[in-house]
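The next block holds one structure in the form of structure tokens; read it before the comments.
The values are calculated or read from the model by the stated rules, or taken from the named source; none is laboratory data. If you're wondering where the values come from, they're calculated on a predicted model, not measured in any experiment. Counting neighbours? That spans all protein chains shown, and the Cβs are built from the backbone with ideal geometry, glycine included. SASA here: full protein model, heavy atoms, side chains in, ligands and nucleic acids out. Shrake-Rupley method; radii C 1.70, N 1.55, O 1.52, S 1.80 Å.
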Amino acid sequence: MHIVVLGQEARYQAYRPAMPFLDRQTPAFLDKDSTEAEIAAASPEAEVLFVDAITPVTASLMDRLPKLRLIHSEGVAYDRIDLDAARQRNIYVCNNKGCNAGAVAEQAILLMLMLLRHALPGDRAVRAGRQMEMKERYMVEGITELSACKVGLVGFGDIGRATAERLAPFGCELYYYTRHRRAPEEERKYGVTYLPLEELAAACDIVSLHCAVTDETRNMVDEDFLARMKPTAYLINTARGDLVDNEALARALTEGRIAGAGLDTLAPEPVPAGHPLTVLPPEVQDRVALAPHLGGITEAAFRRAHAHMWRNAERLAAGERPDCVVNGL
């Protein structure tokens, strides 16, 4: 089978599952930044294309690969793949639904705790010999425990549910928003209460994003959304940077209209030098925790994802329908 991988060969070898099917394959590995012409020239017979979650796959690339039957995201996101174009060409688009839910949930909680416990300025204070100065300051100003927070989850899919499960032992009040409210038994199972998005933004001490990027959700965290949040509230984003209006968030942080933000992902990605959320004033930077989109890339998550990708390629080779199809075929 002709398989093209846009990604590091070392990563695919590290997480290679033990499968007889895979032993019979010789995939072509190309840099994820390869041009469409380079991809087509390297493997014009490609039937399967594996891409990471931020690599664009356009209609023109599909036209250059006329035998293509499957495009598979290495992650959960698939917003950089032209789903309509793939559907029109009878190409399956699949993702690794749920493979990194627990890992991303851990990252979301890490960012919450870093902000509540002032982890970044605390580290700097100790290194600079100002430990007691900072300790005495917060003995007066106070530190909020996660257990005292109302946490609002925007999106309640695999990652939102995993986050709710992990937050429950902290004793938080948990709220959620989705376009379609979940059944009462699911709400009881996860200990969550539904709120419309505007009410959730206004009521919660922490707002954590766990939804996909669509035309409806792109830049959903805008001036209006941020204006509804409490000045003492924190924004957490472990989903996609495209959900957030960068300039609006930078202004809200600089003007003190929200307390802080924990961001595992920024748009665009890769993050360019001079991004508005990386060049905030020094006093604002203490209230912003940034991470290089590490939430979902644990070893266990990668092993689950790669096993699923190769199983789907094997299904296709056997004339079967792959699972986790996201483009309606």
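Okay, here's what the table says:
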| item | result |
| --- | --- |
| Pair list, Cβ < 6 Å and 6+ apart or interchain, from the range 255-272 residues that are within 14 Å of residue 293 (Cβ to Cβ) and open to solvent by less than 20 Å² (accessible area, probe 1.4 Å) to residues that are assigned to a strand (DSSP E or B) and not polar (S, T, N, Q) | 262/236; 262/289; 263/290 |
| Inter-residue pairs, beta-carbon under 6 Å, first more than 12 Å from residue 76 (Cβ to Cβ) and in the range 149-162, second part of a strand (DSSP E or B) and of a type in the set (S, T, N, Q), 6+ apart | 153/208 |
| Residue within the range 203-223 that is surrounded by fewer than 16 Cβ atoms within 10 Å (Cβ to Cβ), outside any loop (DSSP other than H, G, I, E, B) and among the charged types (D, E, K, R) present | yes |
| Any pair with Cβ under 9 angstrom, 6 or more apart, that starts in the range 183-196 at a residue that is without any contact (Cβ under 8 Å) to a residue 12 or more places away in the chain and ends at one that is surrounded by 15 or more Cβ atoms within 10 Å (Cβ to Cβ) and in a helix (DSSP H, G or I) | 186/161; 189/161 |
| Selection from the range 1-46 of residues that are loosely packed, with under 12 Cβ neighbours inside 10 Å and either among the basic types (Lys, Arg) or within 12 Å of residue 313 (Cβ to Cβ) (or both) | 24 |
| Criterion (of a type in the set (Lys, Arg), over 24 Å from residue 230 (Cβ atoms), free of Cβ contacts under 8 Å to residues at least 40 places away in the same chain and surrounded by fewer than 20 Cβ atoms within 10 Å (Cβ to Cβ)) met by exactly one of 311, 321, 315 | 315 |
| Every pair of residues 6+ apart whose Cβ atoms lie under 6 Å, when the first sits in the range 59-88 and is open to solvent by less than 10 Å² (accessible area, probe 1.4 Å) while the second is aromatic (Phe, Trp, Tyr) | 70/92; 72/50 |
| Whichever residue in the range 207-243 is more than 17 Å from the chain's Cα centre (by Cα) and of a type in the set (A, V, I, L, M, F, W, C) and, among such residues, is nearest to residue 115 (Cα to Cα) | 233 |
| Residue match in the range 137-145 (condition: of a type in the set (Gly, Ala, Ser) and assigned to a loop (DSSP other than H, G, I, E, B)) | yes |
| Filter pass, residue 214 being of a type in the set (Val, Ile, Thr) and either under 30 Å from residue 53 (Cα atoms) or without any contact (Cβ under 8 Å) to a residue 60 or more places away in the chain (or both) | yes |
| Of all residues in the range 165-194 being part of a helix (DSSP H, G or I) and within 22 Å of the chain's Cα centre (by Cα), the one that is surrounded by the most Cβ atoms within 10 Å (Cβ to Cβ) | 167 |
| Candidate set: the range 40-61, residues that are in contact with a Ser or Thr (Cβ under 8 Å, 6 or more places away or on another chain) and aliphatic (A, V, I, L, M); chosen: the one farthest from residue 92 (Cα to Cα) | 42 |
| Hey, residue 104 without any contact (Cβ under 8 Å) to a residue 24 or more places away in the chain and either β-branched (Val, Ile, Thr) or buried (at least 19 other Cβ atoms within 10 Å of the Cβ) (or both) or not | no |
| Spans of helices (runs of 4 or more DSSP H) in the range 224-329 with at least 1 residues farther than 19 Å from residue 159 by Cα, among the charged types (D, E, K, R) and at pLDDT 95 or above | 246-254, 299-317 |
| Residue under evaluation residue 175, criteria (1) in contact with a Leu (Cβ under 9 Å, 6 or more places away or on another chain); (2) more than 18 Å from residue 296 (Cβ to Cβ); (3) in contact (Cβ under 8 Å) with a residue 40 or more places away in the chain, criterion not met | (3) |
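To keep it simple, each residue is scored yes or no on (1) within 30 Å of residue 145 (Cβ to Cβ); (2) at pLDDT 95 or above.
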residue	(1), (2)
47	no, yes
53	no, no
64	no, yes
85	no, yes
105	yes, yes
